[in-house]
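No value in this document is a laboratory result; all are computed from the given coordinates. Every value quoted in this text rests on a predicted model; they were computed, and no experiment measured them. Cβ placement follows ideal geometry from the backbone for every residue including glycine, while neighbour counts extend to all protein chains displayed.
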Amino acid sequence: MVQEKFDVIVVGAGPAGLGAAYTMANAGLKVIVFERGEHPGSKNVMGGVLYRQATEDVFPEFWKEAPLERPVIESNYWLTTDDAVTKYGYRSQEFAGEPYNSFTVFRSKFDRWMGRKVEQAGALLICETVVEDIIKKDGKVVGVKTGRPNGQVYADVVVIAEGVNSILTQEALGLQKGYLAWDYLAVAVKEVIALPKEKIEDRFGLEDGKGATIEIIGEATKGMVGTAFIYTNMESISIGVGALMSHLVNRKLNPNDLLENLKAHPAIKPLIAGGEIKEYLGHMIPEGGYKAMPKLYGNGVVIVGDAAQLVNGLHREGSNLALISGKTAGEVIIKAFEKGDFSINSLAEYQQRLTDSFVVKDLQKYQHSSGYFEEHPELFYLYPHLASIANKEFFTIDNIPKKEKQRIIMRKVFEQRPKWELAKDLYKLWRVLG
Amino acid sequence: MKPMGTEEKLGVDKFSVDEGNAHIIILKDTSSREALKKCVIACPAGLYTMKEDGNIGFDFAGCLECGTCRVLCAGTETLSWNYPQGTFGVEFRYG
């Protein structure tokens, strides 16, 4: 095993770890990255949308060389009942060219590309290696113990980018208060379904190579707090669904059953018809937001990305928070080297800078929303249902005068949810989201 | 498409199973039943199964390494949970 001492050890080659490694290696620091997979990305899962701005902040003009699927030009929200959909969406040609807004990607390919960039920048990337423990000396983290023979490796700073299931953060370092709670996490499953390129473009109304996304709530999660999604790749569709772990268990529903239920929905079935399943994936998603964040730094150590529970579930953002947290950690560590100070006070600047950025600001803004939705899952069932009732009346042409029609809609809606309750819902939603 | 169970779906994934060295082990703990019953429900790979004799079975081959069972059993000392050693476990070709 590597005997020499490094400036920085990074545990985990996802967007957070590689974002940190790239930033530091470019500044001339001696960086080693450990990845447990066969290559970066081989253990990594996400729905599939990568945001251009945050990615570009770390890897300038990445879209010119990185393996991407489709630039997203159309984003949709679907509110589903068992046999109907209310749709809302936005499509713009502006998203079809530079500088782009987002792309669908496969992490197995994209993370591998990031890994190569990091190696080109001078970092050492060691795959197929599990980091099993932290090495401390006099209360300071000084290295890691890997699963390899004589696998101790030392550095001035360790960056934990282990992902959502971060054993090191939660157990070895004790930076997560208590255990990671089951109501702070969603379980998501996804399938990659192969279809010919032209078929995808016909079904989604897309021009050559352009992409669309659909986020789905309501019946898709049986009213549990969660969402489903459909993303277009070049020659496949990613379809998945996730719900809070606590809701799944209490409702006795398996994530795969939810996914099969989703695939059978009359509005979704034709989109994937005739496709061949290429991969089935499962993953946890941090949904606890601000309240679930561990302390982001310790003596000689910082926590980045999903390991720090940095996900904005409401806006399905995660990889961007990972990249920016990694980059920020990298910059703070570069500064620490300039000062020669790796103490807890020096690394505290990382948490401060994240707190001043959109990363923690957004999590703070929505800090009451996950608890609110957790306690009011009926919103995930009721509102899609109300939208369906109202739209069904609105779109049914049946010789009833419009004035009467409006009264029917209001009466049917209020039967489901009294006026006062609706007003309360709206007020509370405004309080937690506004 | 007709409904597919987890077993059939795992068949399309690529695994390298570390035979004889399970990364997740159920510790023989009688107090662990409630936690394990949650795993039977929520494991995305369906690897925890309720057997006819009432015991809960588990097969670590086919694990997607998501950590759901680790969280569901946290604080109960039901599981020994580690990541598979390098070269082993699931290898996502898409991700």
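Listed values, structure above:
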read-out: Reciprocal of mean inverse Cα separation for segment A:23-158 (Kirkwood radius, Å); value: 17.9 Å
read-out: Distance histogram in 5 Å bins (all Cα pairs of segment A:287-397, percent per bin); value: 2, 12, 18, 17, 12, 10, 8, 6, 5, 4, 3, 2, 1, 0, 0
read-out: Order of A:F110, A:F337 - criterion: other Cβ atoms within 10 Å of each residue's Cβ, fewest first; value: A:F337, A:F110
read-out: Mean ellipticity per residue at 222 nm, deg cm²/dmol - from DSSP H runs of n ≥ 4 across chain A, formula -39500 (n - 2.57); value: -11000 deg cm²/dmol
read-out: Residue exposure sequence - A:F373, A:F106 - by fewest surrounding Cβ within 10 Å; value: A:F373, A:F106
read-out: In degrees, nearest ten, helix A:378-395 long axis to first principal axis of chain A (Cα); value: 40 degrees
read-out: A:K137-A:L422 pseudo-label distance in nm [points 7 Å out on the Cα-to-Cβ vector]; value: 6.8 nm
read-out: Taking segment B:6-91 and dividing mean pair separation by its residue count, relative contact order in percent (alpha carbons under 8 Å, at least six apart); value: 44 percent
read-out: Value in Å of the Kirkwood radius, where chain B supplies the Cα pairs that are averaged; value: 14.1 Å
read-out: FRET E, pair B:N82, A:Q352, Förster distance 35 Å, beta-carbon r, rounded to 0.05; value: 0.55
read-out: Inter-chain Cβ neighbour average for residues A:187-196, partner chain, 10 Å; value: 3
read-out: Translational D in µm²/s for chain A (Stokes-Einstein at 20 °C, 1.002 mPa s, Kirkwood Rh from C-alpha pairs); value: 93 µm²/s
read-out: C-alpha long axis of helix B:33-42 to longest principal axis of chain B, angle in °; value: 20 degrees
read-out: Segment A:107-145-segment A:231-295 distance, computed between alpha-carbon centres (Å); value: 29 Å
read-out: Fewest-first ranking of B:E52, B:E65, A:E4, using other Cβ atoms within 10 Å as the exposure measure; value: B:E52, A:E4, B:E65
read-out: Extension reserve of the A:K412-A:Q120 stretch, reckoned as 0.36 nm per residue once the Cα distance is removed; value: 98.8 nm
read-out: Pairs from A:K137/A:K177; A:K30/A:K109; A:K87/A:K190; A:K269/A:K412; A:K252/B:K37; A:K43/B:K14 whose Cα-Cα separation, in the structure shown, is over 20 Å; value: A:K137/A:K177; A:K30/A:K109; A:K87/A:K190; A:K269/A:K412
read-out: Beta bridges per DSSP with both ends in the protein assembly as shown, % antiparallel, nearest 5; value: 70 percent
